[in-house]
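The values are calculated or read from the model by the stated rules, or taken from the named source; none is laboratory data. Since this is a predicted model, take the numbers as computed values, not measurements. Note: ideal-geometry Cβ built from the backbone for every residue, glycine included; neighbour counts use all protein chains shown.
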Amino acid sequence: MGARAEHLINENNAKHLAEHADPDKAETLEMFRANGAKASAIVRGLSDAELDRSGTVLADIPVMTVHQAIEGILINHVHEHLGSIRATTGAK
């Protein structure tokens, strides 16, 4: 990922943190459930042709297909956060 793309992601993360500065566990789990359900419904509804479409997601990264974006952002990126959360909380 390029520096500009990383900067944009960091800006969005900072904005989200400012909007949700002191979330409690219940709020966090509810956001995860609601947003996860929405994302899952959208992904399940995509056709093979839609998954194969490609375009620019962020300026500093190569063009990617919808399928690649789903794997890279919705799956792998979320797993990276999960690893960070587990390391911070000591959870397995």
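If I go through region 41-61 residue by residue, how many of them are touching a helix residue (DSSP H, G or I) at 6+ places or on another chain (Cβ under 9 Å) and hydroxyl-bearing (Ser, Thr, Tyr)?
1
Tell me the helices (runs of 4 or more DSSP H) entirely within region 29-92 that contain at least 1 residues that are under 14 Å from the mean Cα position of the chain (by Cα), modelled with pLDDT under 85 and surrounded by 10 or more Cβ atoms within 10 Å (Cβ to Cβ). Break it down stepwise before answering.
Numbers: elements: 48-52, 66-69, 78-89.
Qualifying helices (runs of 4 or more DSSP H): 78-89.
Return a yes/no flag: does region 19-28 have any residue that is surrounded by 12 or more Cβ atoms within 10 Å (Cβ to Cβ) and either modelled with pLDDT under 90 or among the charged types (D, E, K, R) (or both). Break it down into steps so the answer makes sense when it comes.
Taking region 19-28 first, the residues surrounded by 12 or more Cβ atoms within 10 Å (Cβ to Cβ) are 23, 28.
Now restrict to residues that are either modelled with pLDDT under 90 or among the charged types (D, E, K, R) (or both): 23, 28.
Yes: one or more hits.
Just the residues that are among the acidic types (Asp, Glu) and closer than 17 Å to residue 69 by Cα, please, taken from region 1-37.
Looking only at region 1-37, we keep the residues that are among the acidic types (Asp, Glu), and these are 6, 11, 19, 22, 24, 27, 30.
Correct list: 6 only.
Does residue 3 count as out of contact with any Phe, Trp or Tyr (no Cβ under 8 Å at 6 or more places or on another chain), touching a residue at least 24 places away in the same chain (Cβ under 8 Å) and of a type outside the set (Phe, Trp, Tyr)?
So residue 3 fits the description; yes.
Determine, yes or no, whether residue 48 is acidic (Asp, Glu), more than 24 Å from residue 82 (Cβ to Cβ) and in contact (Cβ under 8 Å) with a residue 12 or more places away in the chain.
Details: acidic (Asp, Glu): yes; more than 24 Å from residue 82 (Cβ to Cβ): yes; in contact (Cβ under 8 Å) with a residue 12 or more places away in the chain: no.
In short, no.
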